[in-house]
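Where a number appears in this text, it was derived from the coordinates with a stated rule and is not lab data. Keep in mind that this is a model prediction, so the values were computed, not measured. Glycine also receives a Cβ, built like all others from the backbone with ideal geometry; neighbour counts cover every protein chain displayed.
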């Protein structure tokens with residue numbers, strides 16, 4: 001099995017204060033902490049599990065800045081064989097269809113493949129679109145939001161996670177693109193020996209010119225969509241805010257729950 | 001002017017709510033576009049669905065063919081591409097659901113459609129369509145515009161629009177499927193129903209819900225102690241079940257269970273929309289989170305903006321005292 005896994009570096013904004021920057025079209029990310037996108041981390045693990053079961057190779061692809069090298073090396077330390085990082089300021093990364101074009105060009109340049117895995121969603125943009133668009137660009141079948149993969153002869157049997165805990169089982173011919181849902185496996189920690197070995201593995205850095213992709217195809221000016229403005233929405237909350245020190249808050253809340261007949 | 005096409009979504013013999021949510025917003029959008037609301041339905045033995053959808057549409061276009069007995073994104077894509085090329089609507093709305101996200105991006109690539117995903121609202125500025133979506137854990141909104149030619153493809157977030165009962169009497173038109181034989185490269189096998197574990201959280205009266213903020217498995221004892229003190233069952237966000245702190249059947253949200261308890265205490269949950277959609281029907285909601293911007297507070301009745309590790313043990317202690 002020759003597998004590609006696409007990963008992305010994203011900020012953790014779940015507990016961070018988010019402010020729009022001076023352009024009005026992006027947020028100030030200077031104080032964010034970054035890591036591999038959650039779903040992509042599961043995709044890396046799934047790719048390595050498949051390699052361990054069926055032999056073959058795992059190549060890591062990342063569209064992102066030099067700071068992403070740390071997490072790329074981590075994926076190599078876990079069992080990835082080599083990596084390509086694509087970086088080019090002309091790519092409009094807010095358009096998932098442009099991103100898919102760049103990833104497709106990168107994979108095509110590397111030749112044939114059996115499987116491409118991506119996370120089903122990036123935690124910053126929430127499009128859930130890149131993997132499925134990538135499949136179309138590559139001209140291969142796909143399945144999105146996959147939470148179980150079984151590699152068979154010339155095809156994969158997968159479970160897609162649907163709403164309400166329901167799953168759909170389907171068979172998809174190889175080569176194929178699967179977008180991986182979180183929770184599909186238990187991502188491993190990189191072993192110390194792997195971390196050392198990863199430093200010696202190949203990590204190519206390519207731009208649009210190396211990929212033979214015209215700026216026209218992937219630039220903001222030529223995107224079919226336009227991000228006009230970003231803004232922090234007014235949070236409409238009807239909540240009663242419990243004030244005080246932690247212990248006082250607990251006391252007030254306990255009173256309300258017990259005496260207010262909520263329990 | 002052009003029409004607004006809406007894709008009807010159904011599964012296991014039922015039209016899904018997202019269909020009616022989109023169709024409830026559709027008349028307003030179609031009016032701005034100066035066209036009709038046209039619902040597109042693909043299925044097998046779906047005459048009754050077509051009738052029902054006619055109440056929400058100016059026209060229902062439907063394919064009734066055994067090849068569409070179960071959802072298959074590739075089959076949908078083939079038929080929808082033909083319909084869009086023939087009818088050239090201005091806008092095509094598809095659910096941002098497990099069906100929609102498995103199909104829409106590929107359709108956009110095939111037909112070079114301008115696409116905005118996970119749309120939670122739709123505005124018009126100077127007569128131009130402007131969808132709204134979110135970034136960064138739902139903490140910022142972005143207004144989009146379109147530069148390319150229509151049809152514009154929008155995937156619509158669930159529960160974004162209130163359902164308004166339909167009162168139209170749209171025309172119903174059956175169309176021949178351009179797909180003549182089954183596809184061999186993607187085959188539906190079966191559905192697997194959700195597992196039900198020892199506790200059915202959809203039936204619980206009181207729920208203590210835990211999220212990423214609890215950080216590690218060993219901290220779950222804080223949650224268990226509180227749950228025990230108040231006679232609650234424990235559930236959690238996707239982060240909690242993915243991390244293995246709770247079994248999957250305890251997950252609340254669109255991909256898990258929708259719960260409506262009397263009391264829901266959300267601890268260390270930021271409140272992604274998928275989670276909110278699963279718990280906002282709770283009668284009373286208490287949220288404990290140190291991030292004042294956490295979206296969970298938009299649904300809360302009581303907000304404790306503080307460190308859960310300081311508040312939760314004290315809350316358990318005080319409740320135990322008061323209950324004697």
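A P(r) calculated from all alpha carbon pairs of segment B:4-174, with 5 Å bins opening at zero, reads 2, 9, 19, 23, 23, 15, 7, 3, 1 percent. Neighbouring Cβ atoms from other chains, within 10 Å of the Cβ of residues in B:168-174, number 0 on average. Counted over the protein assembly as shown, the DSSP beta bridges are approximately 35% antiparallel.
Restricting to Cα pairs below 8 Å that are 6+ residues apart, what does the relative contact order work out to for chain B? Please round to a whole percent.
About 14 percent, as a whole number.
The Cα center of segment B:64-90 and the Cα center of segment B:15-31 differ in position by 19 Å. Centre-to-centre, using Cα atoms only, segment A:81-121 and segment B:214-252 are separated by 37 Å.
Taking the C-alpha atoms only, the angle from helix A:69-78 to the longest principal axis of chain A is near 70 degrees. Modelled spin-label separation between residue A:216 and residue A:195, with each label point placed 7 Å from Cα along the Cα-to-Cβ direction: 4.8 nm. Protection proxy ranking for B:85-97, A:251-263, using the average of other Cβ atoms within 10 Å per residue and placing the highest first: B:85-97, A:251-263.
Working from Cα pairs under 8 Å separated by at least six residues, relative contact order for segment A:33-107 is 27 percent.
Shielding by partners for B:289-296, please: the mean number of other protein chain Cβ atoms within 10 Å of each residue's Cβ. The partial results should precede the final answer.
Details: counts 2, 1, 5, 4, 7, 3, 3, 2.
Mean inter-chain Cβ contacts per residue within 10 Å come to 3.
Counting alpha carbon pairs within less than 8 Å and at least 6 residues apart, what relative contact order, in whole percent, applies to chain A? If you can, show how the numbers build up before the last one.
Details: 494 pairs, mean separation 62.5, N = 263.
It comes to 24 percent, rounded to a whole number.
Seen against the Cα atoms of chain A and their longest principal axis, helix A:246-259 is set at about 70 degrees. Between residue B:322 and residue B:260, the C-beta separation translates, for a Förster distance of 25 Å, into a calculated FRET efficiency of about 0.45. Ordering of B:16-22, A:152-158 by packing is B:16-22, A:152-158, highest average first (other Cβ atoms within 10 Å, averaged per residue). Evaluated at q = 0.07, 0.08 Å⁻¹, the base-10 log of the normalised Debye intensity for the protein assembly as shown, with identical point scatterers placed on the Cα atoms, takes the values -0.43, -0.56.
Counted over segment A:1-84, the DSSP beta bridges are approximately 30% antiparallel. Largest GNM mean-square fluctuation among A:99, A:205, A:27, using chain A with Cα springs under 10 Å: A:27. Provide the FRET efficiency to the nearest 0.05 for the residue B:168-residue B:12 pair, computing r from the beta carbons and using R0 = 30 Å. Result of the calculation: an efficiency of 0.70.
Kirkwood Rh and Cα-based Rg: tell me the resulting Rg over Rh for chain B, rounded to two decimals. The partial results should precede the final answer.
Details: Rg = 22.5 Å, Rh = 21.6 Å.
Using Cα coordinates only, the ratio equals 1.04.
Counting only alpha carbon atoms, the long axis of helix A:96-109 and the longest principal axis of chain A meet at about 30°.
How many Å³ per residue does the convex hull of the Cα positions in chain A occupy?
Values: hull volume 48.9 nm³, N = 263.
Spread over its residues, the Cα hull of chain A gives 186 Å³ apiece.
Could you please state, rounded to a whole Å, how far the C-alpha centre of segment A:155-183 is from the C-alpha centre of segment A:1-79? Cα centroid of segment A:155-183 versus Cα centroid of segment A:1-79: 21 Å apart. Secondary structure note: in segment B:4-174, about 30% of the DSSP beta bridges are antiparallel. Per residue of B:67-74, other chain Cβ atoms within 10 Å of the residue Cβ number 3 on average.
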